[in-house]
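**Student:** Just passing along the structure, written as structure tokens.
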Amino acid sequence: MLSLEEAKARLESAGQSHALQFWAELSAEERDSLLEEISQLEPEELLLHCRAAAAAVSRQSSADGRLDARMEPVPPEFIGSVRKSDKETLQIWGDEGLLQISQDRVAVLLLAGGQGTRLGVSYPKGMYNVGLPSGKTLYQIQAERIQKVQELANLKHGCRCTIVWYIMTSEFTLGPTVKFFKDNGYFGLSPSNVIMFEQRMIPAVDFNGKIIMEKKNKIAMAPDGNGGLYRALVDNNILDDMERRGVEYLHVYCVDNILVKMADPVFIGFCVYKGADCGAKVVDKAYPAEPVGVVCRVDGLYQVIEYSEIQPETAELRGPEGELLFSAGNICNHFFTRGFLKEVVEKFESQLKQHVALKKVPFVDGKGNLVKPTKPNGIKMEKFVFDVFHFSKKFVAFEVLREEEFSPLKNADGAPLDTPTTARRSLLAQHYRWVLAAGGSFLDEQDNPITQKHSVALNEDPPAICEISPFVSYFGEGLEKLLQQKNLNSPFLLDENKAKNLLQTI
Ligand code: UTP
């Protein structure tokens with residue numbers, strides 16, 4: 001840890017001496033924690049970071065039309081599609097994925113370092129329970145899906161394979177996540193195959209390039225964005241760990257998508273089959289102004305462009321069949337080879353773009369009073385995980401069905417979209433569809449048949465409530481033998497025990 005003199009010198013060289021302005025008032029303990037925090041800041045980087053943040057605000061003009069003329073859609077030959085492919089092709093990709101999984105060549109990596117400010121709970125988002133009949137949290141659902149895919153590969157290839165789960169956390173999420181996993185017995189996974197690591201934090205800066213103090217002895221710090229992944233991979237020797245275990249392919253995903261298909265064999269298989277070093281799952285954009293990033297090429301290089309970065313006319317461009325030209329909505333589900341990641345961290349990490357977010361950051365004023373700003377006063381600089389697409393030599397996109405694979409939890413209930421209610425409904429609607437497709441039907445509590453509905457809108461509950469444990473089915477497979485011609489009383493929770501009972505009644 002730095003001495004006071006060293007800390008002073010470090011801050012002074014970066015124009016940040018104000019961080020020590022309350023020193024005389026601090027207790028010994030408070031002084032230690034402040035020195036500890038300052039010790040973590042690398043002097044050169046601190047200077048550059050504060051300057052870049054202040055400069056970025058004045059440059060902030062997004063949709064200035066500069067990008068539009070340079071954008072082109074992903075060429076069709078580099079897109080795979082669940083919707084447009086026949087069963088046999090999907091089967092070939094899925095088989096390839098399961099083969100790779102069976103050989104322990106596939107791992108998953110969860111991005112779980114975010115602060116979840118919009119959802120507004122005090123614990124990590126992965127610990128959120130959206131109110132499913134089982135009461136499972138996002139972390140538990142994901143842990144169970146991993147085990148199910150392993151089982152599918154084991155059954156097909158007569159092996160005992162492992163999909164390692166890397167979990168990137170941050171100062172906010174590491175402690176509670178570790179505790180949650182321990183308290184829950186790692187949800188059945190072996191702790192040696194669940195590897196949690198921490199991304200870096202960087203200071204929030206005001207519009208003059210001065211770091212913001214959130215307490216008299218505490219700098220306002222924030223994680224460096226989900227693109228902080230690449231530095232965190234190096235800081236924590238994750239690529240070495242992958243190499244030691246023989247992992248060649250990584251499926252990276254966000255914590256908040258309740259429908260995420262972890263280590264999806266079809267996606268992995270497609271990417272491997274195409275020889276891709278980098279891939280992204282996409283969904284058809286729902287409407288031109290939908291605020292999702294679009295995967296496209298700019299000057300021949302792959303990139304994700306936000307709606308706010310382009311003119312509305314560009315977002316509305318349509319192809320010959322009336323489809324949106326820029327329709328490949330990014331859902332933060334990425335495929336990377338280990339070789340590609342190695343190249344990124346060794347050669348390109350420092351070139352990753354810094355995105356500027358203007359935020360309301362609570363701070364202590366010159367008199368030491370806590371102020372909660374009503375309008376943005378601070379700049380948080382973030383890197384994005386997808387900004388490495390740029391460096392790919394063989395990029396592919398894989399189009400999947402939104403209702404099957406994408407329903408993120410971003411906002412608290414009350415917001416129109418991406419809330420606990422919409423997440424819960426999308427999972428229940430999916431499981432309802434699986435039951436109907438498997439030949440099952442539903443009865444109400446008085447044993448009266450419930451009228452079937454083949455399309456369920458996001459803003460309504462499905463006509464019958466049914467949740468299927470990932471231990472029973474990963475993507476709807478294997479349900480016919482259990483459910484064909486069965487009447488299920490809604491609400492119905494199909495867990496492993498019920499599945500065994502159903503098998504016995506056949
Ligand atoms: P979001 O950008 O939606 O952020 O993250 P968030 O933290 O979940 O929510 P808000 O914006 O504060 O409301 C997308 C994914 O990236 C991860 C999140 O955990 C989520 O899985 N993430 C985000 C990180 O891992 N690190 C970060 O620094 C930021």
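Each row is one residue, and each column tells you yes or no for (1) in contact with a helix residue (DSSP H, G or I) (Cβ under 9 Å, 6 or more places away or on another chain); (2) away from the ligand (no atom under 16 Å from the Cβ).
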site: PRO75; (1), (2): no, yes
site: LEU90; (1), (2): yes, yes
site: TRP93; (1), (2): yes, yes
site: GLY97; (1), (2): yes, yes
site: LEU111; (1), (2): yes, no
site: MET127; (1), (2): yes, no
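**Student:** Report those strands (runs of 3 or more DSSP E) wholly inside the range 131-207 carrying at least 3 residues which are closer than 30 Å to LYS375 by Cβ.
**Tutor:** Details: elements: 164-169, 194-198, 201-203.
Here the list reads 201-203.
**Student:** While we're on this one: Among the residues of the range 227-283, which ones are over 19 Å from GLU382 (Cβ atoms), in a strand (DSSP E or B) and among the hydroxyl-bearing types (Ser, Thr, Tyr)?
**Tutor:** TYR249
**Student:** Please report, ordered by residue number, the strands (runs of 3 or more DSSP E) entirely within the range 369-465 with at least 3 residues that are among the aliphatic types (A, V, I, L, M), closer than 30 Å to LEU352 by Cα and more than 16 Å from the ligand (Cβ to nearest atom).
**Tutor:** Values: elements: 378-382, 395-399, 441-443.
Qualifying strands (runs of 3 or more DSSP E): none found.
**Student:** Additional query: Give the range 219-240 a look and list any residue that's more than 8 Å from the ligand (Cβ to nearest atom), among the charged types (D, E, K, R) and in contact (Cβ under 8 Å) with a residue 60 or more places away in the chain, or say none.
**Tutor:** The one that is more than 8 Å from the ligand (Cβ to nearest atom), among the charged types (D, E, K, R) and in contact (Cβ under 8 Å) with a residue 60 or more places away in the chain: ARG231.
**Student:** Right, here's the next one. Which one is nearest to the chain's Cα centre (by Cα), of the residues in the range 241-272 that are closer than 30 Å to PRO203 by Cα and within 14 Å of the ligand (Cβ to nearest atom)?
**Tutor:** CYS254
**Student:** Listed residues VAL194, VAL121, VAL178; which is surrounded by fewer than 23 Cβ atoms within 10 Å (Cβ to Cβ), of a type in the set (A, V, I, L, M) and within 11 Å of the ligand (Cβ to nearest atom)? Even if it seems obvious, please write down each step before you answer.
**Tutor:** Numbers: VAL194 fails: within 11 Å of the ligand (Cβ to nearest atom); VAL178 fails: within 11 Å of the ligand (Cβ to nearest atom).
That would be VAL121, the only listed residue that is surrounded by fewer than 23 Cβ atoms within 10 Å (Cβ to Cβ), of a type in the set (A, V, I, L, M) and within 11 Å of the ligand (Cβ to nearest atom).
**Student:** For the range 118-136, name all the residues that are closer than 14 Å to PRO408 by Cα, in contact (Cβ under 8 Å) with a residue 12 or more places away in the chain and not charged (D, E, K, R). Steps first, please.
**Tutor:** Initial filter on the range 118-136 (closer than 14 Å to PRO408 by Cα): 118-119, 125-126, 128-130.
From the residues that got through so far, the ones that are in contact (Cβ under 8 Å) with a residue 12 or more places away in the chain too are 118-119, 125-126, 128, 130.
Residues satisfying the conditions are LEU119, GLY126, TYR128, VAL130.
**Student:** Mind listing whichever residues of the range 208-226 are over 18 Å from the mean Cα position of the chain (by Cα) and assigned to a strand (DSSP E or B)? Outline the logic, then answer.
**Tutor:** So in the range 208-226, the residues over 18 Å from the mean Cα position of the chain (by Cα) come out as 208-221.
Within the range 208-226, ILE211, MET213, GLU214, LYS215, LYS218, ILE219, MET221 qualify.
**Student:** Okay, next question. Taking GLU445 as the residue in question, decide whether it is touching a Ser or Thr at 6+ places or on another chain (Cβ under 8 Å), closer than 27 Å to PHE492 by Cα and loosely packed, with under 15 Cβ neighbours inside 10 Å. If you could, list the steps in order and put the result at the bottom.
**Tutor:** Working: touching a Ser or Thr at 6+ places or on another chain (Cβ under 8 Å): yes; closer than 27 Å to PHE492 by Cα: yes; loosely packed, with under 15 Cβ neighbours inside 10 Å: yes.
Taking the combined requirement at face value, the residue satisfies it.
**Student:** Out of LEU503, LEU401, which single residue is surrounded by fewer than 13 Cβ atoms within 10 Å (Cβ to Cβ) and hydrophobic (A, V, I, L, M, F, W, C)? It would help to see each step written out before you state the result.
**Tutor:** Working: LEU401 fails: surrounded by fewer than 13 Cβ atoms within 10 Å (Cβ to Cβ).
After ruling out the rest, the residue left standing is LEU503.
**Student:** Please tell me if ALA69 is within 21 Å of the chain's Cα centre (by Cα) and among the aliphatic types (A, V, I, L, M).
**Tutor:** Details: within 21 Å of the chain's Cα centre (by Cα): no; among the aliphatic types (A, V, I, L, M): yes.
So ALA69 does not fit the description; no.
**Student:** Considering only residues of the range 322-359 that are among the β-branched types (Val, Ile, Thr) and surrounded by 23 or more Cβ atoms within 10 Å (Cβ to Cβ), which is nearest to LYS281 (Cα to Cα)?
**Tutor:** ILE331
Taken together, the values in this text are just the output of simple stated rules run on the coordinates, not laboratory data. This structure is a prediction, so every number in the text was calculated from the model and none was measured. Reconstructed Cβ throughout: ideal geometry from the backbone, glycine too, with neighbour counts over all protein chains shown.
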